[in-house]
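The block underneath contains the structure these notes are about, expressed in structure tokens.
Every number in this text was worked out from the coordinates using simple rules, so none of it is lab data. Just so you know, these numbers come straight off a predicted model, no measurement behind them. Every residue, glycine among them, receives a Cβ derived from its backbone with ideal geometry; neighbour counts consider all protein chains shown.
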Amino acid sequence: MFLSTKRLILREFMPEDWQAVLAYQADSRYLKFSGWETRSEADVRAFVEMFLKQQQVPGIKFQLAVELKYERKLIGNCGIRKQEPESHEASLGYEIAPDYWGKGYATEAAATILKFGFEELKLHRVYSWCIAENTGSVRVLEKIGMQLEQRLPENERFKGRLWDTLIFGISKDEWLNKTEQ
């Protein structure tokens with residue numbers, strides 16, 4: 001699978017991608033809102049291997065490497081995941097290397113995978129979640145048209161504390177209305 005935007009390529013993972021993923025997942029800025037304390041080569045190889053295995057099961061999980069189009073540099077990943085092949089709802093997730101935060105790449109990738117979900121997968125609804133303090137991620141979800149549906153107080157425990165989780169969602173009709181504006 002291959003999707004393209006003005007500045008990005010969203011493509012299937014390759015085994016050698018683990019090195020680029022490790023480079024950003026080991027960054028303390030990335031780890032701040034992650035459930036992981038650290039990331040090792042073995043951790044990241046298993047992470048990429050999980051995506052490689054998902055690529056072998058068509059029609060359910062589409063987690064794609066995010067690459068700068070002209071530099072051909074992997075800077076993150078973005079995906080949309082159904083629970084069952086016939087599901088009409090899916091979750092959306094993304095991560096971008098901290099050196100590329102604030103440049104619109106997460107928004108560009110997430111908007112592209114959202115469009116894929118509604119147009120190609122014929123989804124009715126897409127949802128996502130993030131830690132409330134991750135304001136960058138909150139902005140991405142708002143920019144792609146998702147609306148806050150629920151705040152779950154202190155429901156995530158990691159890094160020795162409780163965090164609030166925000167649930168965002170958008171229906172196909174809401175998405176169509178926003179894209180027509």
inquiry  = Can you compute the FRET efficiency between Glu120 and Gln181 using 1/(1 + (r/R0)^6), with r the Cβ-Cβ distance and R0 = 22 Å? Round to the nearest 0.05.
reply    = 0.50
ask   = HN-Hα J couplings of segment 38-45 from phi, Karplus 6.51/-1.76/1.60, θ = phi - 60°, integer Hz, Gly and Pro as x?
value = 9, 9, 10, 4, 4, 4, 6, 4
key: Sparsely packed GluC sites (Glu not before Pro) within segment 1-89, loop by DSSP, other Cβ within 10 Å at most 16   = Glu12, Glu37, Glu71, Glu86
key: Low-density loop positions, trypsin sites (Lys or Arg not before Pro), segment 57-123 - DSSP coil, at most 16 other Cβ in 10 Å   = Lys69, Arg72, Lys103, Lys122
key: 14 Å beta-carbon shell around Ile96, net charge (K/R +1, D/E -1)   = +2
ask   = Which whole-number percent gives the relative contact order of the chain, counting Cα pairs below 8 Å spaced six or more residues apart?
value = 17
key: Point-charge dipole on Cβ atoms (K/R +1, D/E -1) for segment 2-180, about Cα centre, debye to 20   = 280
task = Return the sequence-ordered ³J(HN,Hα) values of segment 9-22 in whole Hz as given by the Karplus equation 6.51 cos²θ - 1.76 cosθ + 1.60 applied to θ = phi - 60°, using x for Gly and Pro.
result = 10, 10, 9, 5, 6, 10, x, 6, 5, 4, 5, 5, 5, 4
Derived scalar couplings ³J(HN,Hα) [segment 79-85; Karplus, 6.51 cos²θ - 1.76 cosθ + 1.60; whole Hz; x for Gly, Pro] = x, 9, 10, 9, 7, 9, x
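Can you give the helix-only mean residue ellipticity at 222 nm for the chain, where every DSSP H stretch with n ≥ 4 adds -39500 (n - 2.57) and the sum goes over all residues, rounded to the nearest 500 deg cm²/dmol?
On the way: 6 runs with 60 residues, N = 181.
Per the formula, -9500 deg cm²/dmol.
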message = As an exercise, use a Förster radius of 22 Å and the Cβ-Cβ distance of Leu162 and Ile60 to find the FRET efficiency, rounded to the nearest 0.05.
response = 0.10
